[in-house]
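We did not get these values from a lab; they are worked out from the coordinates using the rules stated. Please read all numbers here as calculations on a predicted model, not as lab measurements. A quick note on method: Cβ atoms are made from the backbone with ideal geometry, for glycine too, and the neighbour counts reach across all protein chains shown.
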Amino acid sequence: MTVPLIQDLRVFLQVIDSGSFSAVARELNVGPATVSKQIARLEKALAIRLFERSTRLLHVTEEGRSIADRVRTALSLLDSVGEMANLADGELRGSIRLTAPSPFGRKYVAPALAAFRHLHPGVEFDLHLSDELVDLIDSRLDLAVRIGDLADSSLVARRLAPNRRLLVAAPDYLKWRGRPQRPADLSVHDCLVLANPGHLQNEWLLQGARGSETVIVGGGLRANSGGALREWAVGGAGIALKSTWDVADELREGRLVAVLPDWRIRELSIYAVRPSGRYLPRRVEALIDFLATRFGDPPPWDRALSGIV
């Protein structure tokens, strides 16, 4: 049997992940015929059929899927050997593909990547900002920065920083409507609600010195964007439940103030997550360490709010 070319094996995995010859061709900046030729060459070398093709659909065969698992392991080991050679001179090299939530990614992750690359110019980044939960394996991503509770047990997570939350409103809104004195007062206020598909976050749980209270809130303004809620709050439209990283500037400048500051809201966390069972390149490990140090506990946005909230 002819030994398959390594590049053909990489293209094979890309086709499986994308489900399309043409998508891989666009990514590699080659013609679809080139990708088709590489797959045909690989099928000939392995003496099996990897894909079932039709006019519009492409399906990986059972044999192809079984081989793909072994190919991923083999290429991961090969990449680790290559990285060890590159590390001989002490420099980090290679690319990192990662995703992060849009607002947090723009405000904190993107500057952090630029700072990391200043220290390690041999590392390149492909940053994908999205408020959708991106599948790391299907999207062939090395890393994700995520905020909140983690549900996917197939991922390895490292906590980067706490995600403190509080209720905020513009001073003009509170002057007009009055300042809530206890959680129950929120039910008669205009509250700005985050609304994701299938999940309306209109139940706010607050913890006080004598126990917790849950309030059902509303007010006519809902959005699937935390940025929209922040802008509505700054504009005096109501009370919002926000993470401190998102409203630190507004709180420092006095455009927003804390509401019910003596009542706590359950703290979440900010994580770096990566697929389990995959070789962890030194450059990715170094980036995770860098982010954990740069954000820390308390993170810079909370340190800037010391004495304010």
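For mean projected area of the Cα convex hull in nm², the value calculated from this model appears in (1) 15.2; (2) 20.1; (3) 18.5 under label (2). What angle do you read, to the nearest 10 degrees and between 0 and 90, between the alpha-carbon axis of helix 282-295 and the longest principal axis of the chain? Orientation of helix 282-295: about 10 degrees from the principal axis. In the frame of its principal axes, the range 6-86 has Cα extents of 44, 28, 20 Å, reported largest first. For the range 108-150, the residues whose backbone nitrogen is under 19 Å from a point 7 Å from the Cα of residue 253, taken along Cα to Cβ, are 108. By the rule of a C-alpha distance below 18 Å, with chain neighbours fewer than 8 residues away ignored, the lysines paired with residue 107 are 242.
Each helix, a run of at least 4 DSSP H residues, gives -39500 (n - 2.57); summed and divided by the residues of the chain, these come to -11500 deg cm²/dmol at 222 nm. Both radii were evaluated on the Cα set of the range 188-309; the Rg over Rh quotient, with Rh as the Kirkwood radius, amounts to 1.04.
Note on residue 214 and residue 117: the model spin-label points, each 7 Å out from Cα along the C-beta direction, lie 4.6 nm apart. With the simple spin-label model, which puts each label point 7 Å out from Cα in the Cβ direction, the residue 17 to residue 196 separation comes to 2.4 nm.
Of all aspartates and glutamates in the structure, the ones whose alpha carbon falls short of 17 Å from that of residue 175, not counting any fewer than 8 places away in one chain, are 185, 190.
What is the gain in length, in nm to one decimal, between residue 7 and residue 188 on full extension, counting 0.36 nm per residue of separation less the C-alpha to C-alpha distance? List each step's numbers first, then the result.
Values: separation 181, 0.36 × 181 = 65.16 nm, distance 6.30 nm.
Working it through step by step, the gained length comes to 58.9 nm.
Report the local net charge at residue 126: Lys and Arg +1, Asp and Glu -1, summed over other residues whose C-beta lies under 14 Å from its C-beta. Each step should come with its number before you reach the end.
Details: positive: 97, 117, 140, 283; negative: 27, 124, 142.
Around residue 126, the charge tally is +1.
Inter-part distance, the range 103-122 to the range 192-223, computed on C-alpha centroids, equals 33 Å.
If I stretch the segment between residue 282 and residue 30 completely, what's the gain in nm (0.36 nm per residue apart, minus their alpha carbon distance), one decimal?
Gain on stretching residue 282 to residue 30: 87.7 nm.
Computed from Cα positions, the angle between helix 6-18 and the longest principal axis of the chain comes to roughly 40 degrees. Computing FRET efficiency as 1/(1 + (r/R0)^6) for residue 58 and residue 140, where r is the C-beta to C-beta distance and R0 is 22 Å, gives about 0.80.
Counting only alpha carbon atoms, the long axis of helix 244-253 and the longest principal axis of the chain meet at about 40°.
Taking each residue as 0.36 nm, the span from residue 149 to residue 225 lengthens on full extension beyond its C-alpha to C-alpha distance by 25.5 nm.
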